Every structure is written in C-alpha cells, then in structure tokens.
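Heads up: the structure comes next, in structure tokens.
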Amino acid sequence: MVRRRIYVFLGESGTEDAHMISNQARQRAEKNFKREERAREGREAMAEYEAQARATREKTARLKALRLAKEAEARNLTPQTKTAA
C-alpha cells in the first residue's frame with residue numbers, strides 16, 4: 001500500500017487557505033453526493049417504468065385472451081342457418 005502525504009503550506013493567511021481547502025472538499029463531497037443521488041433516482045425511475053410496461057403487457061395479454069374466448073364462444077353459439085334450395 002502506498003501512503004501519500006499531502007503537505008499544505010499555510011502562509012500568513014493560513015486560516016483562509018485551510019478554509020478554502022475545506023470548502024473545496026465540501027464542494028467535491030456535495031458533487032459526488034448529487035451524482036450518486038441522480039444515479040439512484042434514475043435506477044428507481046427505470047424500475048418503475050419497467051414495472052408499468054410489464055403490467056401493461058400482462059393486461060393486454062389478459063384482455064386479448066378474453067376477447068378471443070368471447071369470439072370463439074360467439075361462433076359456437078350462433079345458429080347455423082342454411083337455406084334449403
């Protein structure tokens with residue numbers, strides 16, 4: 001494991017430099033947090049979209065099966081009328 005040491009020269013205005021460094025670190029952390037949050041929200045939105053699409057496909061298949069059964073029943077129940085010639 002390589003250990004790195006970061007030395008910060010704190011000149012006469014050492015507290016300002018330290019504040020600026022901590023401010024930059026906070027900004028990086030917030031940026032990373034927002035990126036992770038957007039990614040999480042994107043995954044949740046995609047999961048919701050896929051669930052809705054799956055529900056729509058299942059509903060469509062169920063309704064198609066009902067329609068086909070109804071049409072088959074209607075064909076079987078209609079009287080066969082043949083005209084005698």
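Listing for the model above:
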read-out: Sorted peptide list for 70-79, 20-29, criterion being average Cβ within 10 angstrom, highest first; value: 20-29, 70-79
read-out: Label-point separation in nm, GLU44 to LEU68, each point 7 Å along Cα→Cβ; value: 3.9 nm
read-out: Against the rule of thumb 2.2 N^0.38 Å, how large the Cα Rg of the range 14-72 comes out; value: 2.46
read-out: Karplus-derived HN-Hα couplings along the range 42-48 (A = 6.51, B = -1.76, C = 1.60, θ = phi - 60°), whole Hz, x at Gly and Pro; value: x, 5, 5, 5, 5, 5, 5
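No value in this document is a laboratory result; all are computed from the given coordinates. Quick caveat, the model's predicted, so the values are computed rather than measured. In this analysis, Cβ positions are derived from the backbone assuming ideal geometry, glycine residues included, and neighbour counts consider all displayed protein chains.
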